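Taking it in order: structure first as C-alpha cells, then the write-up.
The values are calculated or read from the model by the stated rules, or taken from the named source; none is laboratory data. This structure is a prediction, so every number in the text was calculated from the model and none was measured. A quick note on method: Cβ atoms are made from the backbone with ideal geometry, for glycine too, and the neighbour counts reach across all protein chains shown. These accessible areas exclude ligands, DNA and RNA; they are computed on the full protein's heavy atoms, side chains included. Shrake-Rupley method; radii C 1.70, N 1.55, O 1.52, S 1.80 Å.
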Amino acid sequence: MHIINRTLINWYKLNKRDLPWRNSTDPYLIWVSEIILQQTRVNQGLEYFNRFIKKYPTIIHLANAPIDDVLKLWQGLGYYSRARNMHFTAKKIATDYSGKFPDNYIDIKKHKGIGEYTAAAIASFCFNEQVPVVDGNVYRFLARLFGIFESTQSVKGKKYFFEKAKSLIDNKNPGEFNQAIMEFGALQCTPKNPDCSVCLFKLSCYAYTNSVIEQLPVKKSKIKTTSRYFYYFIIIYQDKLFIEQRKENDIWKLLYQFPLIETKMHLETEEIVKNELWKKLFEGIEPEFLNISDLYKHQLSHQTIFAHFYSIKINKVSQYLLNNYLTIKKQDINKYGIPRLIEKYTSKFFNKKNEVLPLI
Ligand code: SF4
C-alpha cells in the first residue's frame, strides 16, 4: 500500500466526521447525500438529507412521489435541476432496474444528473470499485501536495488530477480511501489558512515547503455572470393571489412564481405599465399599487437576478389573468415550491405563528 494511502486512511479513522451516510453502503443514501452536498455546505445539507430520507426512504418512494412535492422539499437548497434529475433518474431506475441501483461506475454514470464524480463516489463507496473520486477537496490537496499547476477546470488538468488520484487509490479498499482523501481536503487542507504545522504531509508537501499554498490549486479566470431583471406582480384580489409554474428550460423550472416581466436592464414603473404583459394582466382594470419592494439581489452561479416585487390590489379579475394563471388563497403560497428569492419576500406575508397578515 502506498505510504500516502496508508497515512490518509489512518488519519481518516481518527478524524472523520460522523455523518449519517458515512457508515452506509446503500447506493440510494450515498446518491442523495452526494447530490445534496454538491453545492451545499455539510451543516445545511445534513438537515435536508435527513428530511429527504425520512420522506423518501427508498428510491421507489422517490420515484412514486409527485415532482411538485420533491421540489417543495428541496426549497431553499437551490440548483433545482438536481432535484428534477434525481426524480427522473429514480423513475428510470425503478422501471429499468426494478428499483435496484446499478452496481458499477459505467452504468451508474449513464443516468441523468449523475456525473463522473457522483458515479465514482457511489461505485467506490458502495461496490468497492477502484475508481477515484475527485472533488474540490481532492483537487486542492493533490495540487498542493504534488505542486500541480494545471488548471482544475481544463480538460487536460482534470485528466491529470484523475490519473494522479487513480495512481494513489487503494486496490483493497478504494471506497475508504476516497472518503479519506476527500475528508482530508475538507478538514485539514482547507481552502484558506490550512494549519500546516500539524499536517502529516508537511515535510513532503510542495506547497508548504515552497510557500505557494495560496496559489494552489489553479483555477481558470472567473466565469462571466449575466444580469437579469425580474419584476414580480403580487396581484391581490380579495384573499386570492395568482401564480404560474415556470415551464421553460431555464433556472427554477417547474417552480411557481407570481406574474413576471423579465428584462435585460432596469425598468422604471412608468416603463413597466407600458409593457404588453402588464396591459393584458390589467385590461379594463384600475390596479391599485400597495407597495413596491426594495431591490432584492439574488446571486446564482452564473447569473445575478435583480428583483422588485409590486404588490397590487384589484377589484376585478381580467380574463387573461384567469386563463393563464393559477388562482390560489394567499396563505396557500407556502404549499407551492417557489424559488428562494420569492420565499424571501413571501415570508413577510406571515407572522411568527404562520398566520397570514392582512396586507403586504
Ligand atoms: S502541508 Fe498544508 S498545504 Fe500541504 S497538504 Fe498539509 S495542509 Fe495542505
Provide Rg and Dmax in Å for the chain, with only Cα atoms included in the calculation.
24.7, 78
Dividing the surface of the Cα convex hull of the range 6-131 by four yields a projected area in nm² of 7.6
The range 160-274 - Rg (one decimal) and Dmax (whole number), Cα, Å:
25.4, 71
Tell me the per residue accessible area of the chain using a 1.4 Å probe; a whole number in Å² is fine.
52
For I236, list long-range residues whose amide hydrogen, built 1.01 Å from N in the peptide plane, is under 5 Å from its own amide hydrogen.
I312, K313, I314
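In the range 237-275, what GluC sites (Glu not before Pro) fall in a loop by DSSP, with at most 15 other Cβ atoms inside 10 Å?
Loop-located and lightly packed - E248, E268.
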Here the net charge surrounding Y229, from other residues whose Cβ is less than 14 Å away from its Cβ (Lys, Arg +1; Asp, Glu -1), is 0
Strictly greater than 13 Å: what percent of every Cα pair in the range 83-129 meets that?
52
Principal axis dimensions, the range 245-304 - Cα atoms, whole angstrom, descending
39, 24, 20
Return one quarter of the surface area of the convex hull spanned by the alpha-carbon atoms of the range 226-349, equal to its mean projected area, in nm².
7.4
How big is the shadow of the Cα convex hull of the range 1-74, averaged over all directions, in nm²?
6.1
Given contacts defined as C-alpha pairs under 8 Å and at least six residues apart, what's the relative contact order of the chain, whole-number percent?
16
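Tell me what the chain gives for mean residue ellipticity at 222 nm when only DSSP H runs of n ≥ 4 count, each as -39,500 (n - 2.57), the sum divided by the residue total, rounded to 500 deg cm²/dmol.
Result for the chain: -12000 deg cm²/dmol, rounded to the nearest 500.
Over all distinct alpha-carbon pairs, what is the Kirkwood Rh of the range 3-215 in angstrom?
18.1
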Output ³J(HN,Hα) for the range 165-177: one whole-Hz value per residue in order, computed from phi by the Karplus curve 6.51 cos²θ - 1.76 cosθ + 1.60 with θ = phi - 60°, and x for Gly and Pro.
5, 4, 5, 9, 4, 7, 6, 8, 9, x, x, 5, 4
